[in-house]
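The values are calculated or read from the model by the stated rules, or taken from the named source; none is laboratory data. The structure displayed is predicted, hence computed values, not measured ones. Here Cβ is always computed from backbone atoms with ideal geometry, including for glycine, and neighbour counts include all displayed protein chains.
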């Protein structure tokens, strides 16, 4: 595939990933509460969701996705509930003697939350099933081209969100005094709950 096409797609994808939205807020909130390593699992789930939508666009599943619009609405609500539960647990943990970061987070839950968040994100659906085909002819793409596009998705989306996670986790580590940490936990929990509410309210 032409390098100019891949570069244009990477630029569009970077703008999408950098723009604050449910994914960014979920990653930042999780990183503040549980650190970088756990949040990397959430990023992995988000990236996998992007790859699923790219595969859908590549194999002509767009019509199927439209037919099952109600299913995607349910997925969106499940993702919203998962984020709200994560946020609620962080807030409750901040009122206990042991901070939430002292607990061993379950990376599988973070991965699943990230995956469901992408599957229920209208912005991801619009990009991969509507916008992407306008500047990449998916009917003519071969296996090598598909692998190149998938690599761009992994590098760009994963890289941007991991950078957000690293910055948020570092900020939290620099401000880790016990009293401040508790309020940070509550703030991060509120971010996750608010993100869940925003995801649930999006049509």
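Things to note:
- Here residue 188 does not qualify as part of a helix (DSSP H, G or I), modelled with pLDDT of 70 or more and surrounded by 13 or more Cβ atoms within 10 Å (Cβ to Cβ).
- Any hit, the range 130-147, residues being surrounded by 14 or more Cβ atoms within 10 Å (Cβ to Cβ), in contact with a helix residue (DSSP H, G or I) (Cβ under 7 Å, 6 or more places away or on another chain) and under 11 Å from residue 47 (Cα atoms): no
- Restricting the search to helices (runs of 4 or more DSSP H) fully inside the range 1-101 and requiring at least 3 residues that are modelled with pLDDT of 70 or more, surrounded by fewer than 14 Cβ atoms within 10 Å (Cβ to Cβ) and over 21 Å from the mean Cα position of the chain (by Cα) gives 3-18.
- Taking the range 102-134 as the range and being modelled with pLDDT under 75, under 30 Å from residue 173 (Cβ atoms) and in a helix (DSSP H, G or I) as the test, only 102 passes.
- Residues of the range 135-154 that are in a helix (DSSP H, G or I) and free of Cβ contacts under 8 Å to residues at least 40 places away in the same chain: 143, 147, 151.
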